[in-house]
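S.K.: Please read through the structure below; I'll follow up with questions.
Nothing in this text is a laboratory measurement; each read-out follows from the coordinates by a stated rule. From a predicted model like this one, the values you see are computed outputs, not experimental measurements. Every residue, glycine as well, gets a Cβ built from its backbone with ideal geometry; the counts of neighbours run over all protein chains shown.
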Amino acid sequence: MAAETVTFPMDALKASMQLKNRDKQAADAPSLSRLERMGLFYYGLRAALFRTIPYTGTRMMMYGVFKTLLAVEGAPQSALVLATLATAAGVLSQLIISPMDLFKIRMQSDAARVRRGQEPIYDSLPQLMARTCRQEGLQGLWTGCKVNAMRAGVMNIADLAVTDVVRSFVGPSALGQLAVSAVTGVSVVVLGCPVDTVRSKLMAEGPSSQQPRYNGIMDTVHKTWMERGVGGFYSSIVPMYLREGPYYFILWNVLAVLRHLRTVALQ
């Protein structure tokens with residue numbers, strides 16, 4: 001939650017760049033104060049935190065359990081095994097909480113509309129959740145879950161597996177943690193940015209959304225390619241890295257502090 005809160009503005013900027021369409025003309029510039037513009041970067045934070053609690057906890061727990069079950073005493077697990085375990089943990093966790101990703105993306109899409117001077121579709125997170133359930137049904141809550149699971153598998157390889165491999169070389173020092181965060185951020189962005197872009201577009205403007213633009217995964221890929229080519233899949237690479245690098249630095253260090261406090265409390 002700490003990492004999500006600190007880095008959320010970069011996540012909002014990333015989503016805004018992913019959902020920007022060249023063929024859509026922006027409305028008149030909105031007359032918003034500087035404070036209101038700043039607030040838009042945290043639009044959807046509540047949904048993001050509701051997502052982070054079960055997703056991050058579940059994927060890290062599953063990854064740890066999988067590693068323990070397959071551990072062989074005295075033999076380090078290979079990068080391929082770690083990547084497989086990270087993929088399984090990411091896919092399973094993401095399938096469970098995919099609706100919260102849908103809510104977060106749609107709230108961020110609304111914030112982008114407000115910045116362009118357009119009216120938001122949803123008044124609040126509870127209204128978005130109720131409206132989605134009522135109009136799109138249970139199936140609609142899992143819109144984009146396939147590409148979301150693909151994204152989770154790829155990004156968990158870049159996150160959990162790469163983190164374990166890099167940490168085995170650099171050690172647990174503060175400088176080592178900084179190196180782990182930097183390498184993890186790069187690997188997450190390079191591997192995850194294209195599928196993250198497709199996920200955001202499909203969830204915000206998929207067939208069941210209020211303003212449908214894409215019919216499915218392949219339609220989203222095709223239209224993104226036709227509009228901007230390869231650059232369309234990496235349009236948000238800068239804010240994505242500025243988010244992912246600090247995110248993992250905060251995540252792993254806060255987790256280390258909490259584990260230390262738990263150990264002290266149990267002694």
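S.K.: Build a GNM of the chain with springs between Cα atoms under 10 Å: which of GLU36, GLU244, GLU73 gets the top mean-square fluctuation?
M.R.: The residue with the greatest mean-square fluctuation here is GLU73.
S.K.: Over the alpha-carbon set of region 146-258, divide Rg by the Kirkwood Rh and report the Rg/Rh ratio to two decimals.
M.R.: 1.08
S.K.: Using θ = phi - 60° and the Karplus relation 6.51 cos²θ - 1.76 cosθ + 1.60, list the HN-Hα couplings for region 193-209 in order, rounded to whole Hz, with x at every Gly or Pro.
M.R.: With the stated coefficients, region 193-209 comes to 4, x, 6, 5, 5, 4, 4, 4, 5, 5, 6, 7, 9, x, x, 9, 7 Hz.
S.K.: Could you give log10 I(q)/I(0) at q = 0.14, 0.16, 0.21 Å⁻¹ for region 28-171, computed by the Debye formula over C-alpha point scatterers of equal weight, without solvent?
M.R.: For the requested q values the scattering log ratios are -0.76, -0.89, -1.18.
S.K.: Based on the alpha carbons, how large is the Rg to Rh ratio for the chain when Rh follows Kirkwood?
M.R.: Computed over Cα atoms, the ratio is 0.99.
S.K.: Give a residue-ordered list of calculated ³J(HN,Hα) values for region 135-144 (Karplus: 6.51 cos²θ - 1.76 cosθ + 1.60, θ = phi - 60°; whole Hz; x for Gly, Pro).
M.R.: 8, 10, x, 4, 5, x, 5, 9, 4, x
S.K.: With N set to the residue count of region 98-204, report its C-alpha Rg divided by 2.2 N^0.38 Å to two decimal places.
M.R.: Details: Rg = 17.7 Å, N = 107, 2.2 N^0.38 = 13.0 Å.
The reported ratio for this selection is 1.36.
S.K.: Mind listing the long-range amide H neighbours of ASN215? Cut-off is under 5 Å, sequence gap 5 or more, other chains count too, H placed in the peptide plane at 1.01 Å from N.
M.R.: Here the answer is THR220, since their amide H atoms fall under 5 Å of that of ASN215.
S.K.: Taking region 112-160 as the region of interest, what is the percent of Cα-Cα pairs per 5 angstrom bin, listed from the shortest bin to the one with the maximum distance?
M.R.: 5, 17, 14, 15, 17, 17, 13, 3
S.K.: Read phi for every residue in region 108-118 and hand back ³J(HN,Hα) as whole Hz from Karplus 6.51 cos²θ - 1.76 cosθ + 1.60, θ = phi - 60°, with x for Gly and Pro.
M.R.: 5, 5, 5, 4, 5, 5, 4, 5, 8, x, 9
S.K.: Also, quick follow-up: With a 10 Å radius around each residue's Cβ, average the other Cβ atoms per peptide and rank 167-174, 88-95, highest first.
M.R.: Those peptides, ordered most packed to least, come out 88-95, 167-174.
S.K.: Still on this structure, I have one more. So what are region 203-267's ellipsoid semi-axes, whole angstrom, largest first, if each one is the square root of 5 times an eigenvalue of the alpha-carbon gyration tensor?
M.R.: 41, 17, 8
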